[in-house]
Amino acid sequence: MRHVLTSVYVLNGPNLNLLGTRKPEVYGTTTLADVEELCREEAAGLDLDLRFRQSNHEGQLIDWIHEAGAEVKAGRCVGAVFNPGAYTHTSVALHDAIEGVELPVIELHISNVHAREPFRHHSYISPVARSIVVGFGVYGYVLALRGLHHAATQK
């Protein structure tokens with residue numbers, strides 16, 4: 001009988017498909033494919049099945065949040081690591097989706113958004129996130145996955 005892994009979602013918002021080429025002085029030169037591989041290795045070490053996704057479209061992100069929330073309720077998922085990109089500062093809809101499905105979320109930002117432009121200092125996601133990982137570069141994904149796994153196993 002095959003052991004069924006519990007899943008974890010890693011969701012990435014707008015412009016993260018440009019990782020590695022967009023503002024390398026801020027975000028580094030690691031590509032999103034590299035981040036996916038980093039996450040895949042970390043998730044495997046935690047015995048989690050990774051569902052890694054990126055979209056530039058708010059509605060698609062909301063659909064994936066709903067999907068992840070249903071998987072958590074069914075006991076098949078620990079939650080999501082979510083880098084909402086610029087939607088962090090604009091999207092009440094993403095906030096409402098996370099809250100509505102009670103999805104355990106670790107909000108993630110590659111750069112330290114609090115050391116950047118003032119409009120980046122406010123997050124609509126933070127009030128519904130379990131925790132926030134900010135400013136560790138792409139290694140923040142590893143920290144967020146470990147934190148989410150720890151939180152799920154400490155219940």
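FYI, it's all coordinate maths here, none of it is from the lab. Keep in mind it's a predicted model, so treat the numbers as computed, not measured. Cβ atoms come from the backbone with ideal geometry, glycine included; neighbour counts cover every protein chain shown.
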Across all Cα atoms of the chain, Rg and the largest Cα-Cα distance (Dmax), in Å, are 14.6, 54
Using the Karplus curve 6.51 cos²θ - 1.76 cosθ + 1.60 with θ = phi - 60°, work out ³J(HN,Hα) for each residue of segment 118-128 in order, rounded to whole Hz, and write x for Gly and Pro.
-> x, 5, 7, 7, 9, 10, 7, 8, 3, x, 10
If one takes the longest principal axis of the Cα atoms in the chain, at what angle in degrees, from 0 to 90 and to the nearest 10, does the Cα axis of helix 32-45 lie?
-> 30 degrees
Treating the angle as unsigned and between 0 and 90°, give the value, to the nearest 10°, between the Cα long axis of helix 139-153 and the longest Cα principal axis of the chain.
-> 30 degrees
In debye, nearest 20, what is the charge dipole magnitude of segment 6-153 about its Cα centre with +1 on Lys and Arg Cβ and -1 on Asp and Glu Cβ, if you could check?
-> 240 debye
Relative to the longest principal axis of the chain, what angle (0 to 90°, nearest 10) does the C-alpha long axis of helix 58-73 take?
-> 30 degrees
